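Worksheet: one structure, shown below.
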Amino acid sequence: MNYFSLFNLPETLTLDTHALASSYQTLQKLTHPDKFATASAQEQRIAMQKNAQVNDGYSVLKHPLSRAQHLLSLRGLVIDHEQHTLGDPEFLMQQMEWRETLEEISSDEAALEEMQTEIQANIKDKLTGLASLFEDEQSNNEDIANEIRKLTFIYKFSAQIDAQLDKLDDF
Amino acid sequence: MALLQIAEPGQSAAPHQRKLAVGIDLGTTNSLVATVRSGQPQTLPDSEGRALLPSVVRYHGGEKTIGYPAQAEANQDPVNTIVSVKRFMGKSQDEILATWPNLPYHFVQQSHGVALLADGKSRNPVEISADILRHLRDRAEASLGDELTGAVITVPAYFDDAQRQSTKDAAKLAGLHVLRLLNEPTAAAIAYGLDSGQEGLIAVYDLGGGTFDISILRLHKGVFEVLSTGGNASLGGDDFDHAIVHHWTTRWGLSESLQKAHYRRLVSLAKATKQALSDGQSITQTIELDGQSFDASLDRTAFDDLITPLVKQTVKACRRALKDAEVSADEVLAVVMVGGSTRVPLVREQVGAFFGQEPLTSIDPDQVVALGAASQADILAGNKPDNEMLLLDVLPLSLGIETMGGLVEKIIPRNTTIPVAKAQEFTTFKDGQTAMMVHVLQGERELVDDCRSLAKFTLTGIPPMTAGAAHIRVTFQVDADGLLNVTAQEKSTGVQAEIQVKPSFGLAEEQIAQMLKASMANAKDDMQQRMLKEQQVEAARVLEALEAALDEHRGLLSEEEFAQLRQSMDTLAQVAQEQSTDAIKEHIEIVDNASQAFAARRMDISIQQALAGKQVQDI
């Protein structure tokens, strides 16, 4: 299933989120089971299957990470739900540094927020890099997959910072 | 013949005819039925003008009494008078007895769940609920003068799959076509019109006779999302009554034996006193017990003192629900009050103080859920074709499967918009293995023991292969009512694996079929006539929808496909004139098969057209 074509959107990593939301609403109005509450059993079944695809497609396209995974799967490589360790020593070093820093500043709200800003900038960089990798038809799928794996880690790390900030808020 | 036929998918261009649809609040203490008349939702009262139907059924001498008369007889015949059966829906005997150890009923353990022995016959909670629903259906049909097209039935937001399935099964047994199961707090929010215009958080505070629920909803771009639910299944207005009785008997120094002998009378006086104090400041009265007169006066201040600890408990639950939803009280846009006990002034005050705003109380709190359900039923039945609003619901609890070591792997997380379908691949671990079992659970915890077991599926018919060679793709589908359906397929051979569903609680498909048959034997002709008519109506509906579809999209079919479909339709039209329910059913299925690809192509075309049209507008 190509969710980009279901939502009538171009196959790119950078996506117009307004266009996505607007397509989603149009598709909901056409496929939601409530619109078929008095229709025949067959129409209800087809609508429900379509609507489940629409919901799944929306959740996949909404987030850049799952959108990237989906784009890669359209290029022929499926990497979601995998257990994979990265072999990039430079990135591993950075991960360790980040983790240490997070521990040191765990009760310093301003420092945590500063770090979050840095991480967000890093995510943006990675996404831009990924977007151009996707645009180049010559790109190697494994290279793209590795970039997505790094991104997965950085998103998780960003969530950890948020969780730490929430904890400080509770006091 | 109309000059121009414009039909939405799923809606035929037939002349506009108002469909009779109702909303039913199948409550723990009371149940109600409501419908939309002249654009306004209103409850349908009984012949004595009472909207409420106490959720009480008494089985006695081969007969059943439902509602007020059953409630009046409950004291003299507690064993055979089932009160608040909703508590038992989708539950096991152990769960029931752990929460309510002192129930007067005779429980009978069954293979799936529990039954109650009353009047010499065991009935499960689904059958008892069906008796209540049938009573409401009869009331609605008598008052509206025709058969119902369908019903929206409300369920608590936290109801799991087993409880929802049981509710739907009860409706099926009662001969009701369920348009949708709707969450109670969502229904209450709809009754207040909160689904149009505003966006933001809504708190629904529901204090009934014996239960308390708090739900935090988010309304965003036409999506009603349940963010969190909380409450107490054994705290309600009845506890206020008991607090008053305790206050009196302590003041009087009433002996335990006298208390016991007159407890029922004391409770009814307490209930009346509580209701009087909702409007007045004090009440002066006496009660005669065994020839002795006692002063049963009470003023508002004393009453407030008595119930403060109870109300505080509910406010605490509100705070926890907000925390679970990760929002704060000042973000809440509106607070909706549901349940008769929210008439108590102290409750309104405390809830208002906690959320920092006046709660919404203008609609009768006993009726608000049924009224919202009626509005939604009216839309779903197709009586408001211009309605743009959509209620998107979410899965209330995560669905997962058991993996090694008694752990649960989540397949579909909670708060996922439904309907949803997720596939998971399994493989065999032994050479030549032809069957495997999948245990499906619902809940947020990591251990199997901490989640609710929904069902065990046995997949059979897997082609024998070496270990790990078979790839079985199991698809979990949750429909718009939050109900789960599972299919499985072996990928390399395409063999459809058979699935045997063993629901952990509730009823298996065959049991429902059996019960329907049994109820038919009782009223044989009536039921058979009804089923024949239902099939004839369904046949007409299928044909009418297809004719409209062919008018519009004839070009989507090849000559051969068209000829085949046309022939199957003609045959169905003929068979539908005759008296065989089974034959009509069979030919509907043939038409269904012949038109399957056509229907899917039509859906795709309508999507393409709508999205292309939107793009033109955007430019």
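The values are calculated or read from the model by the stated rules, or taken from the named source; none is laboratory data. Remember, predicted model here, so these are calculated numbers, not experimental data. Every residue, glycine among them, receives a Cβ derived from its backbone with ideal geometry; neighbour counts consider all protein chains shown. Remember, those area values only see protein heavy atoms, side chains included, never the ligands or the DNA or RNA. Shrake-Rupley method; radii C 1.70, N 1.55, O 1.52, S 1.80 Å.
Kindly evaluate A:Q25 against the criterion of being out of contact with any helix residue (DSSP H, G or I) (no Cβ under 7 Å at 6 or more places or on another chain), in a helix (DSSP H, G or I), under 30 Å from B:N383 (Cβ atoms) and within 13 Å of chain B (Cβ to nearest Cβ).
yes
So is A:T152 modelled with pLDDT of 90 or more, open to solvent by 50 Å² or more (accessible area, probe 1.4 Å) and β-branched (V, I, T) or not?
The answer is no for A:T152.
So how many residues does the stretch B:423-467 have that are among the hydroxyl-bearing types (S, T, Y) and part of a strand (DSSP E or B)?
4
Of the residues A:L92, A:L77, A:L102, which is on the phi < 0 side of the Ramachandran plot and within 17 Å of the chain's Cα centre (by Cα)?
Sole residue among the options that is on the phi < 0 side of the Ramachandran plot and within 17 Å of the chain's Cα centre (by Cα): A:L77.
Kindly provide the set of residues from the stretch B:226-272 that are under 30 Å from B:G482 (Cβ atoms) and not hydroxyl-bearing (S, T, Y), ordered by number.
Listed by number, the residues that qualify are B:V226, B:L227, B:G230, B:G231, B:N232, B:A233, B:L235, B:G236, B:G237, B:D238.
Condition check: open to solvent by less than 40 Å² (accessible area, probe 1.4 Å) and of a type in the set (S, T, Y). Does B:S122 satisfy that?
Considered against the rule, which asks whether it is open to solvent by less than 40 Å² (accessible area, probe 1.4 Å) and of a type in the set (S, T, Y), B:S122 comes out as no.
Report yes if some residue within the stretch B:521-540 is at pLDDT 85 or above, of a type outside the set (A, V, I, L, M, F, W, C), open to solvent by 40 Å² or more (accessible area, probe 1.4 Å) and part of a helix (DSSP H, G or I); otherwise report no.
The answer is yes; a qualifying residue exists.
A quick yes/no check of all residues on (1) within 12 Å of chain A (Cβ to nearest Cβ); (2) assigned to a helix (DSSP H, G or I); (3) exposed (fewer than 15 other Cβ atoms within 10 Å of the Cβ):
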| position | (1), (2), (3) |
| --- | --- |
| B:R554 | no, yes, yes |
| B:R566 | no, yes, yes |
| B:D570 | no, yes, yes |
| B:K585 | yes, yes, no |
| B:D592 | yes, yes, no |
| B:S595 | yes, yes, no |
| B:Q608 | yes, yes, yes |
| B:G613 | yes, yes, yes |
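Among the residues that make up the stretch B:487-498, is at least one of them among the hydroxyl-bearing types (S, T, Y), open to solvent by 50 Å² or more (accessible area, probe 1.4 Å), closer than 30 Å to B:V126 by Cα and not in a helix (DSSP H, G or I)?
Scanning the stretch B:487-498 turns up at least one residue that is among the hydroxyl-bearing types (S, T, Y), open to solvent by 50 Å² or more (accessible area, probe 1.4 Å), closer than 30 Å to B:V126 by Cα and not in a helix (DSSP H, G or I).
Select from the stretch B:304-316 the residues that are open to solvent by 10 Å² or more (accessible area, probe 1.4 Å) and in contact (Cβ under 8 Å) with a residue 12 or more places away in the chain and write down the one among them that is farthest from B:H247 (Cα to Cα).
This residue is B:V315.
Pairs, please: C-beta under 6 Å, at least 6 apart or cross-chain, first residue at pLDDT 90 or above and in the stretch B:169-192, second outside any loop (DSSP other than H, G, I, E, B) and acidic (D, E)?
Pairs found: none.
Yes/no per residue for (1) assigned to a helix (DSSP H, G or I); (2) closer than 30 Å to A:T31 by Cβ:
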site: A:L65; (1), (2): yes, yes
site: A:H70; (1), (2): yes, yes
site: A:V78; (1), (2): no, yes
site: A:M96; (1), (2): yes, no
site: A:I119; (1), (2): yes, no
site: A:S132; (1), (2): yes, no
site: A:Q164; (1), (2): yes, no
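Among the residues of the stretch B:376-407, write down those that are of a type in the set (G, A, S), more than 13 Å from chain A (Cβ to nearest Cβ) and either open to solvent by 10 Å² or more (accessible area, probe 1.4 Å) or touching a Cys at 6+ places or on another chain (Cβ under 8 Å) (or both).
B:G400, B:G405, B:G406
Scan the stretch A:73-87 and give yes if some residue there is in contact (Cβ under 8 Å) with a residue 24 or more places away in the chain, of a type in the set (S, T, N, Q) and open to solvent by 80 Å² or more (accessible area, probe 1.4 Å), otherwise no.
No, the stretch A:73-87 has no match at all.
Does any residue in the stretch A:46-62 that is over 15 Å from B:Q477 (Cβ atoms) and within 8 Å of chain B (Cβ to nearest Cβ) come within less than 7 Å, Cβ to Cβ, of a residue that is open to solvent by less than 30 Å² (accessible area, probe 1.4 Å) and at pLDDT below 95 six or more places away or on a different chain, and which pairs are these?
A:Y58/A:Y24
Can you tell me which of B:T403, B:T342, B:T416, B:T428 is closer than 29 Å to B:V315 by Cβ and not aliphatic (A, V, I, L, M)?
B:T342
Just wondering, is there one or more residues in the stretch B:431-450 that are within 14 Å of chain A (Cβ to nearest Cβ) and at pLDDT below 85?
no
Identify the single condition in (1) open to solvent by 40 Å² or more (accessible area, probe 1.4 Å); (2) of a type outside the set (A, V, I, L, M); (3) within 14 Å of chain B (Cβ to nearest Cβ); (4) in a loop (DSSP other than H, G, I, E, B) that A:E11 does not satisfy, given that it satisfies every other one.
It fails just one condition, (3).
Among the residues of the stretch A:1-22, how many are without any contact (Cβ under 8 Å) to a residue 12 or more places away in the chain, charged (D, E, K, R) and in contact with a helix residue (DSSP H, G or I) (Cβ under 8 Å, 6 or more places away or on another chain)?
0
Determine whether the stretch B:410-422 contains at least one residue that is in contact with a Pro (Cβ under 7 Å, 6 or more places away or on another chain) and either in a strand (DSSP E or B) or within 14 Å of chain A (Cβ to nearest Cβ) (or both).
Yes, that holds for at least one residue.
If you check B:S111 against the conditions, is it open to solvent by 60 Å² or more (accessible area, probe 1.4 Å) and under 24 Å from the mean Cα position of the chain (by Cα)?
The answer is yes for B:S111.
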